[in-house]
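Notes to accompany the following structure.
The values are calculated or read from the model by the stated rules, or taken from the named source; none is laboratory data. Just so it is clear, the structure is predicted and the values come from calculations on it, not from any experiment. Cβ placement follows ideal geometry from the backbone for every residue including glycine, while neighbour counts extend to all protein chains displayed. When the accessible area is computed, the model is the full protein with side chains, heavy atoms only, and any ligands, DNA or RNA have been set aside. Shrake-Rupley method; radii C 1.70, N 1.55, O 1.52, S 1.80 Å.
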Amino acid sequence: MLNQKNTGIVYKSTGSWYLVKHNNDLIQCKIRGKLRTHGFRTTNPVAVGDNVEFVVQKDGVGIILNLIDRKNCIIRQSTNLSKKNHIIAANVNQALLIVSLNSPATPIEFIDRFLVSSEVYQVPAKIVFNKTDIYTEEDNKQLDNLVDTYTEIGYECFKISVAERKNIDQIKNILKDKTSVLIGNSGVGKSSLINLINPGHALKVKEISDKYKTGKHTTTFAEMFDLETGGRIVDTPGIRAFGLGFLENEDVAHNFPEMFNLLQKCKYHNCLHIDEPKCAVKEAFEDGQIAYSRYKSYINIMLEEDEKYRKDMYQ
Ligand code: GDP
Ligand code: ZN
C-alpha cells in the first residue's frame, strides 16, 4: 500500500498522532499541511470516527491527506477561553449518556446540555442510568421521574447496574453493529461497563499503547474500538462540563423537542420562552406538562450562553 492512497477510519487521536484503521491494520499517521476543515474552528481538525484518505511513507508512517465529509459529530466547547470547539467523535450512529444519580450524582443540567448538543448535531441519544444498586429511595423516585420525562420527550432510557450485572443485555443489544459514543462525567461507570461488555478490551488497549507508545490508557483522548459482538464504541474522557457557547439562542430553543413542539402556539414566532407574553411553553410549564428540571436547564443554558441576555438581566 506504499504511496497508494487508502481510506481508513481514525480510531484514536492524541492531537499530533492518529491511529487509522485500514482493513485490519492500525496505522500510525500524521497530518500533512493544512486540511480542509469546513470553515469550522476546532482544536482538532481530525477526530475519532473520521474517514480519512492517507498514504504510507517509506518509514511506515502514514500521512493523512484528506478528511472525508462527516455525517455528524459530537462537539463541545473547549474548556479554555479560546472559544474553539472540540470534536469528541464523528460519524456515530448513536450516543449513550451514562448517568448516575448517586456517587457521583450527574447534574441534571449536564444531561440536558448533552441532549441539546446531540439534537443539534443529529446524533440520536439514549440515557443509561447506572449504579441503580446503590440508589436510595429518594434516588429511585428521581429515577422514575427522569425516566418518565425523557421517555415522553423521545429519549430511550435504561436502568442498569454494572456491579450487579443488571440489564446489561439491553445495552449489548443496542450497541450491536452500531458505532456508539459513550459520554458521561467521571466516575459514573463507563470503563466498568465497557470492560463488562468487552472483556478483551483492557488487554487490547494495553497492547496498542505499548506498540505505538501512545501512553497508558488514561482516556485523555477519545478512542474507538471494535466490539467483540459487532459494532464499535467510542470511549471518551470523563467530561466535567458541556459548554454550549457556540449555539445561538434559537439553536437552544429549537433543540428542546418538547418546547419546540409548542413554539407555533407562542404569540411570537421567535419566542425564546423567557419573559415574552402569551408563551405556550411557559403555560405548559405552569400546568406541569413541561418538567420543572427541563425548563430550569433551558433557562440556565439561555442565561449562561447568551451574553446579551445575561447583561440585561444582571446590570
Ligand atoms: P468512569 O470514570 O465513568 O469510567 O467510571 P469507572 O468505571 O471507573 O467507575 C467508577 C467507580 O464506580 C468504580 O469504583 C466502579 O467499580 C464503580 N461502579 C461502576 N459501576 C457501578 C455500579 O453499577 N454500581 C456501583 N455500586 N458501583 C459501580
Ligand atoms: Zn414561548
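Observations
- Counted residues, region 228-247 - those being part of a loop (DSSP other than H, G, I, E, B) and either in contact (Cβ under 8 Å) with a residue 60 or more places away in the chain or of a type in the set (Gly, Ala, Ser) (or both): 13
- Taken over region 114-135, the criterion of being open to solvent by 20 Å² or more (accessible area, probe 1.4 Å), more than 11 Å from ligand 1 (Cβ to nearest atom) and in a helix (DSSP H, G or I) is satisfied by GLU119, VAL120.
- Taken over region 138-162, residues that are farther than 14 Å from LEU101 by Cβ and part of a helix (DSSP H, G or I) amount to 4.
- The C-beta contact set for region 154-178 (first residue under 30 Å from PHE260 (Cβ atoms), second residue open to solvent by 80 Å² or more (accessible area, probe 1.4 Å) and assigned to a strand (DSSP E or B), distance under 8 angstrom, 6+ apart or interchain) comprises LYS159/LYS166; ILE160/LYS166.
- Any hit, region 94-102, residues being outside any loop (DSSP other than H, G, I, E, B), in contact with an Asp or Glu (Cβ under 8 Å, 6 or more places away or on another chain) and within 16 Å of ligand 1 (Cβ to nearest atom): yes
- Residue within region 98-119 that is at pLDDT below 95 and aromatic (Phe, Trp, Tyr) present: yes
- For region 248-315, the helices (runs of 4 or more DSSP H) that sit wholly inside it and include 1 or more residues that are more than 16 Å from ligand 1 (Cβ to nearest atom) and at pLDDT 95 or above are 249-254, 257-260, 280-286, 292-305.
- Tally, over region 44-73, of residues that are within 12 Å of ALA89 (Cβ to Cβ) and either in contact with a strand residue (DSSP E or B) (Cβ under 6 Å, 6 or more places away or on another chain) or of a type outside the set (Lys, Arg) (or both): 9
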